[in-house]
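Peer 1: After the C-alpha cells below, expect a handful of questions from me.
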DNA sequence: TATTGTTATACTCTATAACTATA
DNA sequence: TATAGTTATAGAGTATAACAATA
C-alpha cells in the first residue's frame with residue numbers, strides 16, 4: 001500500500017531540514033569554508049549556463065532579484081564571478097564564472113561530495129538506490145517551482 | 001546495479017537545496033507567515049520533549065548554544081515558548097511550549113503539510129513510496145550528526 | 001575548574017519598497 | 001510604460017569570542 005500525500009509530506013518536512021543543515025554545516029566548516037550553499041548553487045548555475053542574466057539566476061534559485069543581486073555582488077567582489085555587458089540590451093547582465101571562481105567551486109564541490117559520500121558509503125546499496133530514485137522524483141516535483149512576481153507597486 | 005556513494009552524494013547535493021528552498025518559501029508566504037523553518041523545528045522539538053534544556057534543543061537542531069539561545073529568545077519574546085527554572089540545577093533551562101505556541105505550531109504545520117501534500121498528490125504512488133523510503137534512510141544516515149564542540153578557549 | 005547559558009559582534013540570506021537606466 | 005537591475009532598509013539565522021552564574 002502506497003503512502004498518502006500527507007504521510008509523505010510529513011516525512012519530507014521532518015527529514016529535509018536535517019539533511020540540509022548537515023550540508024550547510026559541512027560547507028561552513030574548515031574543510032570547505034569558501035562558499036555557502038546559495039553561493040555554491042549560484043556559481044554552479046552560472047558555470048553550467050554561461051552568459052546568464054541576473055534574472056536567470058534568480059529564477060533558477062527561486063529568489064527575488066534584490067536577493068540575487070546581493071548574492072552575486074558578493075561573488076563578484078570576491079573575484080569569483082564577472083559581470084559583462086550584454087551586446088543587445090544594456091540593462092541586462094551577462095554573468096560568467098572566473099577562473100578563480102571555477103577553482104573555488106571545484107574545491108568546494110569536491111570537499112562536500114567527499115563528505116556526503118563518506119556518509120552515504122555507510123548505507124546499503126539498496127538504501128542508496130532508494131535515495132537516488134527519490135531525488136529524481138523530488139526534482140521533478142519541486143523544480144518547476146520558483147519565481148514569485150516582483151511586487152511592482 | 002546500485003548507485004555509488006559519489007553518485008548518490010551528487011544527487012543529494014543538487015536536489016535537497018531545491019526542496020528546502022521551496023519549504024522555506026512556503027513558510028514565509030502569506031499562508032503561514034508565523035514561523036520560519038528553524039522556529040518551527042525548535043517549537044516542535046520542545047513540544048515533543050517538554051522540559052528540554054537549551055542544550056537539548058541545540059543538540060537536536062545541530063546549532064551552537066548562542067544561536068539556539070537567540071532563536072529561543074525570539075520565540076519566548078513572542079509568547080510562543082516559556083522558560084522555567086530547573087529544580088535541581090539553576091543553570092539549566094526547562095523549556096515549554098505555551099498554549100499560544102502550540103496553536104501557532106499547529107496552524108503552521110497544517111498549512112505547510114497541505115502545501116506539500118498538494119505537490120506530492122501530483123506524484124504517483126510509487127514515487128511517494130520511493131520518497132518515504134528514502135526519507136527513512138536519510139534520517140538514519142543524518143540524524144546522528146549535530147553538535148560540534150563549543151569553542152571554549 | 002567545568003558546565004549552562006547569555007551578550008557582543010559580525011556576516012550571510014532573504015524580503016519589500018523605492019529607485020535608476022534602458023527599452 | 002515595462003523591464004532589468006541596484007540601493008536602502010530590516011529581520012532572521014548563524015558563528016566565534018567573551019562573559020556570568022552556578023555546580
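The values are calculated or read from the model by the stated rules, or taken from the named source; none is laboratory data. Since the structure is predicted, the reported quantities are computational estimates derived from the model, not experimental observations. Ideal geometry is used to build each Cβ from the backbone, glycine not excepted, and the neighbour counts take in all protein chains shown.
Peer 1: Out of the residues in region A:110-125 that are in a helix (DSSP H, G or I) and within 7 Å of chain B (Cβ to nearest Cβ), state the one that is farthest from residue B:9 (Cα to Cα).
Peer 2: Restricting to residues being in a helix (DSSP H, G or I) and within 7 Å of chain B (Cβ to nearest Cβ), the top hit is A:125.
Peer 1: Does region B:71-109 hold any residues that are touching a residue at least 24 places away in the same chain (Cβ under 8 Å) and within 14 Å of chain A (Cβ to nearest Cβ), and which are they?
Peer 2: B:71, B:105, B:108, B:109, listed by residue number.
Peer 1: Right, something else. Sort out which residues of region A:63-87 are outside any helix (DSSP H, G or I) and within 7 Å of DNA strand C (Cβ to nearest atom), and write them in order of number.
Peer 2: Result: A:63, A:64.
Peer 1: Which residue, of A:10, A:83, is farther than 30 Å from residue A:120 by Cα and either more than 15 Å from the chain's Cα centre (by Cα) or surrounded by 14 or more Cβ atoms within 10 Å (Cβ to Cβ) (or both)?
Peer 2: Of the residues listed, the single one that is farther than 30 Å from residue A:120 by Cα and either more than 15 Å from the chain's Cα centre (by Cα) or surrounded by 14 or more Cβ atoms within 10 Å (Cβ to Cβ) (or both) is A:83.
Peer 1: Still on this structure, please answer the following. Hey, can you tell me all the residues within region A:35-48 that are part of a loop (DSSP other than H, G, I, E, B) and within 13 Å of DNA strand D (Cβ to nearest atom)?
Peer 2: Within region A:35-48, just A:36 meets the criteria.
Peer 1: Limited to region A:4-34, what total is found for residues that are outside any helix (DSSP H, G or I), within 10 Å of chain B (Cβ to nearest Cβ) and at pLDDT below 95?
Peer 2: Of the residues in region A:4-34, 1 are outside any helix (DSSP H, G or I), within 10 Å of chain B (Cβ to nearest Cβ) and at pLDDT below 95.
Peer 1: May I pose another question? Any residue in region A:57-70 that is within 13 Å of another protein chain (Cβ to nearest Cβ) sitting within a Cβ distance under 6 Å of a residue that is near DNA strand C (Cβ under 7 Å from one of its atoms)? List the pairs, counting only those 6 or more apart or interchain.
Peer 2: Filtered contacts from region A:57-70: A:62/B:21.
Peer 1: Filter region A:28-42 for residues that are more than 16 Å from residue B:18 (Cβ to Cβ) and buried (at least 21 other Cβ atoms within 10 Å of the Cβ) and give the result.
Peer 2: A:35
Peer 1: Go through (1) facing another protein chain (nearest Cβ under 7 Å); (2) more than 19 Å from the chain's Cα centre (by Cα) one by one and return the number of the condition residue A:138 breaks.
Peer 2: (2)
Peer 1: Given the options B:90, B:110, name the one that is farther than 27 Å from residue A:25 by Cβ and near DNA strand C (Cβ under 10 Å from one of its atoms). First the steps, then the outcome.
Peer 2: Numbers: B:110 fails: near DNA strand C (Cβ under 10 Å from one of its atoms).
Result of the check over B:90, B:110: B:90.
Peer 1: Next up: Take the residues in region A:41-56 that are in contact with a strand residue (DSSP E or B) (Cβ under 7 Å, 6 or more places away or on another chain) and within 15 Å of DNA strand C (Cβ to nearest atom); name whichever of them is farthest from the other protein chains (Cβ to nearest Cβ).
Peer 2: Of everything passing the filter in region A:41-56, A:53 is farthest from the other protein chains (Cβ to nearest Cβ).
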